[in-house]
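The values are calculated or read from the model by the stated rules, or taken from the named source; none is laboratory data. All values derive from a computational prediction rather than experimental measurement. Cβ: placed from backbone, ideal geometry, glycine included. Neighbour counts: every protein chain shown. Just so you know, the surface numbers come from the protein's heavy atoms only, side chains and all, with ligands and any DNA or RNA stripped out. Shrake-Rupley method; radii C 1.70, N 1.55, O 1.52, S 1.80 Å.
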Amino acid sequence: MRFLLATVVKDLIRRRRDPIALLLWTGIPLAIGGLIFLAFGGDDAGPSGRLLVADQDHTVLSALLTGAYQQGPLAEIIEVEVVELEEGHERIDAGEASGLLIIPEGFSAAVLESEPFEISLVRNPAQRIVPGIIEESLSLVVESTFYLQRLFGEPLDVIVGTQPDDANVVPDSTVASVSVAFDQIVDRTRPYLFPPVIELETTSPGGDEEGFDFARLFFPSMLFMALLFMAQGLSEDIWRERSQGTLRRVIATPQRVATFLVGKLLAGAMLMLVVIGLGLIAGRWVFGIELHGLPMALVWTTFAGMMLLAMMVLVQLFASSERTGNILTGAAIFPLAMLGGSFFPFEAMPDWLASVGRYTPNGWALTKLNQVFAGELPALDLLQSIAAVALVIVVFVWLSMRRIRGRFAHS
Amino acid sequence: MIEVAQLRKEYGDLVAVGGVSFTAETGAIFGLLGPNGAGKTTTIGCISGLLEPTAGTVRVRGHDVVREGTRAKASLGVVPQEIALYEDLSAGENVRFWGQAYGLGGSKLRARMTDVLEITGLLDRADDRVDQFSGGMKRRLNFACGIVHEPQVLLLDEPTVGVDPQSRVRLLDLVREQANQGVCVLYTTHYMEEAQSMCDRLAIIDHGHIIAQGSLEELQAQMGERDLVRVSGSFDENDLRRVFSRDEDVEVVTVDDAQATLSVRQASSKLPTLLAALTRADSEVRDITVSQPSLESLFIKLTGKELRE
Ligand SMILES: Nc1ncnc2c1ncn2[C@@H]1O[C@H](COP(=O)(O)OP(=O)(O)O)[C@@H](O)[C@H]1O
Ligand SMILES: [Mg+2]
């Protein structure tokens, strides 16, 4: 027991010495959340604009790209109008739209064959925020199209009806770029997030009921995105324990490896508790989101976060190297976040996808959290769920311990 | 006390330790001397419970390390060959954590922390992070973390590798001090001088086997009155062996084209005869050195190779 505490304290001290990492994990979801809040939180005075699209490719993929602006959050701020190229240029010169997106012929083929290709976006120089959002979301959409192609190459080919040679090869480098994609998004969106937020607040003081609903919709997703990032970041530490030799030293002590592992998980869970706690406070009192059962929500989310951490640690332990471990966990985050409602809420996803997504660990936990917020989760159900999570954690710890004793600590 | 009997450790086809037996007594330093890859770290790993032996038994103060692991480990202190510290914690925080790992707490822990940091000369750097330390300081802290709980049995795996001369002297004094206080110390090294000056008893290990064992005097007696004569030049192996085959006082240990190593009784008085014999064997002699019996000459005699390769 004393050693458990010692391990927790030791890890918390070490974390405190690396505040940048903490900021990064929590900052990314906050930034994305901020962007979405920026898009939704305002009323009529909020940003909105018209995007002209000159689609010369006329394929399913180019339609998909255009369609991205007509769905979910972006549809609220951006109105898409399909135009001919000539007309588009004329109207953007006349300042009648925020941007003109030109998709030249050959776009679809290039994507499917993973060849470099340019689509261009003409921005209205007189506007700042909306063209910025268009540009950033565009690169996000383009990136995800690219990843979709890489990950689900075959089905995509079937849809489009072409047959490239090496579509289902997933090279290492691709998987690596998946894990950095989020960083890039945040990097790119930063200039539009921070100064304009202040500008916008002066133009739309308060915010109306509708705005709160949107925030309420995205808020739980943001929490889980932060948890996923934290779980991945924290899980890397097991490699540091190994390379520093401290893991081996622990095995040579009379303590149990399991105690050490649980201590690490608890330290991570405590950080999550703080982050989620601050998030809840901010959500409830700064953004005024209507949330019920905050203490229950805090406990539940922390347990769920600990489970995600235990899962990530297990993945790290079964990887052959630190690099592979980080690629694997990084690559796991992307589909988990997308599918499990941690990026876009389930309500904004197609029903069939949402129903699949609810079976991911984070998606399942998010569903429960939403019930807690709505005041609809009976205490007994919550207790049962916590017991289930605890059981899963025990199993993960047991597997991790075996792996550490078996091979991980030695080579 | 450490009792190792027929210890064997295999990694697949590779036999890292092949049936090693020795006993290290309380209040003394037992040395395990051998070149890199001899199996020293593997042996230490089996004793500390880090590795599971393929066969054989290890007892620490009477407790079998496999069956009574927790009890055996509780009396062990381990100073690993690779530095094992939290780089992002301070020296004091490291010592505290490893003390806690052995069940220390409260004022006892605080007192021990001050003690070990003091004797390793790190007390004034207790609050500094380890990643700002020099190699020698890390080695000393590595040692401090291994003895914070006052273990009765101490395993030291090449603790002076890569250490500046000052830290080295300090460390060796500390090790001696531990033995004087009644600790059973197992000390591995590939430095012959260190083994010779530090250890009360020694085992020489090569390719996972102990090839000689005993006190320093016993080992030197095995070497006999013989000196080691190294000759460089050019040689014909067959001729050389033929020339000395009848001479009881000379034994050919190794020969290749450019170097011959001979084990010679009272070499200094035999040098003229030796040179004459070498000429008879059509050898060309460029350089000749004579060394007194030592662990090194014993090692060469037993294995036919130099210790430091
Ligand atoms: N984890 C391992 N897997 C495979 N072989 C190993 C492993 N650890 C050590 N060995 C091999 O066992 C032998 C003994 O190594 P070691 O005990 O480290 O030697 P020493 O400490 O005397 O330098 C070497 O040949 C080494 O390559
Ligand atoms: Mg070694």
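Tell me which residues, restricted to the stretch B:131-148, are open to solvent by 20 Å² or more (accessible area, probe 1.4 Å) and part of a helix (DSSP H, G or I).
Initial filter on the stretch B:131-148 (open to solvent by 20 Å² or more (accessible area, probe 1.4 Å)): B:131-132, B:134-135, B:137-140.
Of everything in the stretch B:131-148, those that are open to solvent by 20 Å² or more (accessible area, probe 1.4 Å) and part of a helix (DSSP H, G or I) turn out to be B:Asp131, B:Gln132, B:Gly135, B:Met137, B:Lys138, B:Arg139, B:Arg140.
Looking only at residues of the stretch B:1-14 that are within 16 Å of ligand 2 (Cβ to nearest atom) and open to solvent by 10 Å² or more (accessible area, probe 1.4 Å), we find that the one that is nearest to B:Pro159 (Cα to Cα) is B:Lys9. Here B:Arg110 does not fit the description of being open to solvent by 10 Å² or more (accessible area, probe 1.4 Å), modelled with pLDDT of 95 or more, more than 13 Å from chain A (Cβ to nearest Cβ) and in contact with a helix residue (DSSP H, G or I) (Cβ under 8 Å, 6 or more places away or on another chain). Return yes when B:Glu82 is within 16 Å of ligand 2 (Cβ to nearest atom) and assigned by TED's automatic domain parsing to the domain that holds B:Val185 and no when it is not. Taking the combined requirement at face value, the residue satisfies it.
Being within 11 Å of another protein chain (Cβ to nearest Cβ), in contact with a Pro (Cβ under 7 Å, 6 or more places away or on another chain), aliphatic (A, V, I, L, M) and closer than 22 Å to A:Arg256 by Cβ holds for only one residue in B:Leu89, B:Leu51, B:Leu76, and it is B:Leu76.
The single condition among (1) surrounded by fewer than 16 Cβ atoms within 10 Å (Cβ to Cβ); (2) more than 13 Å from ligand 2 (Cβ to nearest atom) that B:Asn36 does not satisfy is (2). For the stretch B:201-231, filtering for residues that are surrounded by fewer than 16 Cβ atoms within 10 Å (Cβ to Cβ), at pLDDT 90 or above and away from ligand 1 (no atom under 16 Å from the Cβ) leaves 2.
Based on what the data block shows, is A:Phe373 more than 15 Å from A:Leu217 (Cα to Cα), more than 19 Å from the chain's Cα centre (by Cα) and at pLDDT 90 or above? Judged against the criteria, A:Phe373 is not a match.
In the stretch B:68-83, is there at least one residue being more than 16 Å from ligand 1 (Cβ to nearest atom), of a type in the set (Lys, Arg) and closer than 30 Å to B:Asp131 by Cα?
Quick first cut of the stretch B:68-83, residues more than 16 Å from ligand 1 (Cβ to nearest atom) only: B:68-77.
If we keep only those that are of a type in the set (Lys, Arg) as well, we get B:71, B:73.
Narrowing the set further to residues that are closer than 30 Å to B:Asp131 by Cα leaves B:73.
Among the residues of the stretch B:68-83, at least one is more than 16 Å from ligand 1 (Cβ to nearest atom), of a type in the set (Lys, Arg) and closer than 30 Å to B:Asp131 by Cα, which makes the answer yes.
Any residue at all in the stretch B:19-28 that's at the interface with chain A (Cβ under 9 Å from one of its Cβ atoms), away from ligand 2 (no atom under 16 Å from the Cβ) and among the aromatic types (Phe, Trp, Tyr)? Among the residues of the stretch B:19-28, not one is at the interface with chain A (Cβ under 9 Å from one of its Cβ atoms), away from ligand 2 (no atom under 16 Å from the Cβ) and among the aromatic types (Phe, Trp, Tyr), which makes the answer no.
What's the total number of residues in the stretch B:65-91 that are open to solvent by 10 Å² or more (accessible area, probe 1.4 Å) and out of contact with any Lys or Arg (no Cβ under 6 Å at 6 or more places or on another chain)? The qualifying residues number 14. Among the criteria (1) free of Cβ contacts under 8 Å to residues at least 12 places away in the same chain; (2) outside the structural domain of B:Leu275 (by TED's automatic domain parsing), the one B:Arg246 does not fulfil is (2).
Consider the stretch A:271-324 and keep the residues that are among the β-branched types (Val, Ile, Thr) and under 22 Å from A:Gln384 (Cα atoms). The one that is surrounded by the fewest Cβ atoms within 10 Å (Cβ to Cβ) is A:Val299.
Within the stretch B:22-55, the residues that satisfy the criterion of being of a type outside the set (A, V, I, L, M), away from ligand 1 (no atom under 15 Å from the Cβ) and outside any loop (DSSP other than H, G, I, E, B) are B:Thr23, B:Phe30.
Pairing each residue of the stretch A:232-253 that is at the interface with another protein chain (Cβ under 8 Å from one of its Cβ atoms) and open to solvent by less than 10 Å² (accessible area, probe 1.4 Å) with any residue that is modelled with pLDDT of 95 or more and outside any loop (DSSP other than H, G, I, E, B), provided the two are 6+ apart or on different chains, yields C-beta distances under 6 Å for A:Val250/A:Phe260; A:Ala252/B:Val78; A:Thr253/B:Ala101. Consider the stretch B:275-288. How many of its residues are touching a strand residue (DSSP E or B) at 6+ places or on another chain (Cβ under 7 Å), open to solvent by less than 60 Å² (accessible area, probe 1.4 Å) and within 17 Å of B:Asp249 (Cα to Cα)? Matching residues across the stretch B:275-288 total 1. Among the residues making up the stretch B:54-73, those that are touching a strand residue (DSSP E or B) at 6+ places or on another chain (Cβ under 7 Å) and more than 8 Å from chain A (Cβ to nearest Cβ) are B:Thr54, B:Ala55, B:Gly56, B:Thr57, B:Val58, B:Arg59, B:Val60, B:Arg61, B:Asp64, B:Val65, B:Ala72.
If I go through the stretch B:56-67 residue by residue, how many of them are within 16 Å of ligand 1 (Cβ to nearest atom) and under 22 Å from B:Glu158 (Cβ atoms)?
Of all residues in the stretch B:56-67, those within 16 Å of ligand 1 (Cβ to nearest atom) come to B:56, B:58.
If we keep only those that are under 22 Å from B:Glu158 (Cβ atoms) as well, we get B:58.
Going through the stretch B:56-67 one residue at a time, the tally reaches 1.
Any residue at all in the stretch B:89-101 that is part of a loop (DSSP other than H, G, I, E, B), under 30 Å from A:Val9 (Cα atoms) and away from ligand 1 (no atom under 16 Å from the Cβ)? Within the stretch B:89-101, one or more residues are part of a loop (DSSP other than H, G, I, E, B), under 30 Å from A:Val9 (Cα atoms) and away from ligand 1 (no atom under 16 Å from the Cβ).
Checked against the criteria, A:Arg358 counts as free of Cβ contacts under 8 Å to residues at least 60 places away in the same chain and either closer than 11 Å to A:Phe224 by Cβ or within 17 Å of the chain's Cα centre (by Cα) (or both).
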